[in-house]
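The values are calculated or read from the model by the stated rules, or taken from the named source; none is laboratory data. What you see is a predicted model; the values in this text were computed from it and never measured. Note that we place each Cβ from the backbone using ideal geometry, even for glycine, and neighbour counts take in every protein chain shown. The area values use the complete protein model at the heavy-atom level, side chains included, leaving out ligands, DNA and RNA. Shrake-Rupley method; radii C 1.70, N 1.55, O 1.52, S 1.80 Å.
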Amino acid sequence: MEHSTLHENKLHGKITFPYIVYRGNIPEYISSYPLHWHDEMEIIYVVSGTGYVTADTCRYLLHPGDIVLLPPQIVHSIEQFEETSMEYFNILFHFSLLRDSAGDSCFEKYLRPLFEHQITLPLYLQSTKEPALLLKPYLEDLISNRSQSYTGYELMVKSNLFAIMHLLNKYSSPADEENRSIRNASDRLKKVLLYIRENYDQEISVQTAASICGFSESHFMKLFHLLTGSSFTQYLKNYRLEIAAQQLLKGDQKITEIAQNTGFHNLSYFTRSFTEKYGMTPKKYQTGVK
């Protein structure tokens with residue numbers, strides 16, 4: 001069974017230097033990056049266009065110069081806005097990169113509380129506001145000098161990251177009861193997302209999903225929409241369609257088989273849903289996009 005990654009275990013950068021910068025472009029590379037989380041901190045910096053990022057109960061419509069801060073383990077997604085595109089850079093790093101040794105007082109005082117969500121950061125920084133304006137030079141330095149082929153690269157990276165974390169510390173605040181409640185609900189939600197990843201080809205009812213979280217159906221549906229910006233049934237359908245699109249591009253299965261493999265037991269419904277999402281039939285997608 002194939003599936004998209006939800007909890008990313010892939011190494012971002014090197015074991016000895018867990019840091020990397022990716023260039024992203026929605027929808028040039030993919031039309032969306034579904035809900036996922038990882039152990040690194042991620043900073044998204046928009047270069048051009050517009051697009052959505054969903055994180056911790058909020059959906060942000062991003063414009064050039066906007067920044068999204070994603071502390072470790074935050075469930076988030078990136079999506080296309082209508083017919084527009086968005087170019088952005090992802091800066092990912094593990095906090096261990098900024099830790100000198102066990103018992104490092106700087107790490108224990110400033111980074112561990114953020115890693116453990118004892119303190120919170122504003123997730124969305126608008127381009128024209130002070131936090132974004134202060135961070136911009138450091139982010140652009142990391143992006144423009146992302147090549148690892150020159151002497152002093154590691155010093156450049158760490159000096160910029162320390163400066164960024166120093167600035168962000170000024171805008172941090174202790175986690176309150178609402179933050180802790182969101183984190184608890186998000187942790188329960190992860191169980192459902194992982195269940196979908198392993199069982200998307202089977203029937204999954206709202207009742208089953210709610211029981212995995214330990215919530216009533218009504219409470220589950222309310223929280224799921226709050227945390228993801230989508231209803232459970234819509235998220236499940238979109239997830240299945242994204243898996244179907246991946247399988248179609250391989251071109252080694254019949255469309256009827258792919259529909260069945262991804263939980264669509266009615267071919268006409270699959271075709272209609274796929275066309276609505278991707279703007280073309282599965283057959284055309286399979287033969288014309290490869």
Test of understanding: what is the full-extension gain from Gln126 to Ser268, defined as 0.36 nm times their sequence separation minus their Cα-Cα distance? 46.8 nm
Hey, can you find the accessible area per residue of the chain for me, probe 1.4 Å, expressed in square angstrom? 49
Along principal axes, largest first, the alpha-carbon spread of the chain in whole Å comes out as 58, 44, 36
At 0.36 nm per residue, minus the direct Cα-Cα distance, what do His225 and Asp176 gain on full extension? Give it in nm, one decimal, please. 15.5 nm
In nm, give the distance between the simple-model label positions of Ser144 and Ser96, each being 7 Å from the Cα along the Cα-to-Cβ direction. 3.3
Place a point 7 Å from the Cα of Glu28 along the Cα-to-Cβ direction; which residues of the stretch 123-146 have their backbone N under 18 Å from it? 143-146
Determine, from the Cβ-Cβ distance of Ser105 and Met156 and an R0 of 22 Å, the FRET efficiency 1/(1 + (r/R0)^6), rounded to the nearest 0.05. 0.35
For the chain, what is the calculated [θ] at 222 nm in deg cm²/dmol (nearest 500), taking -39500 (n - 2.57) for each run of four or more DSSP H residues and dividing by its residue count? -13500 deg cm²/dmol
Which percent of the accessible area of the chain is formed by carbon and sulfur heavy atoms (probe 1.4 angstrom)? 51
Between the stretch 131-152 and the stretch 242-290, how far is it from one alpha carbon centroid to the other, in angstrom? 41
Under the Karplus relation with 6.51, -1.76 and 1.60 and θ = phi - 60°, whole-Hz ³J(HN,Hα) for the stretch 49-60, x at Gly and Pro, equal x, 9, x, 9, 10, 10, 7, 6, 6, 10, 10, 10
Ranked by GNM mean-square fluctuation in the chain (Cα springs under 10 Å), the top entry among Tyr52, Tyr269, Tyr124 is Tyr269
Per-residue counts of other Cβ atoms within 10 Å, averaged by peptide: what ranking do you get for 146-159, 110-123, highest first? 110-123, 146-159
Which entries of Lys191/Lys277; Lys250/Lys284; Lys109/Lys191; Lys109/Lys136; Lys190/Lys277; Lys14/Lys158 have Cα-Cα distances beyond 19 Å here? Lys191/Lys277; Lys109/Lys191; Lys109/Lys136; Lys190/Lys277
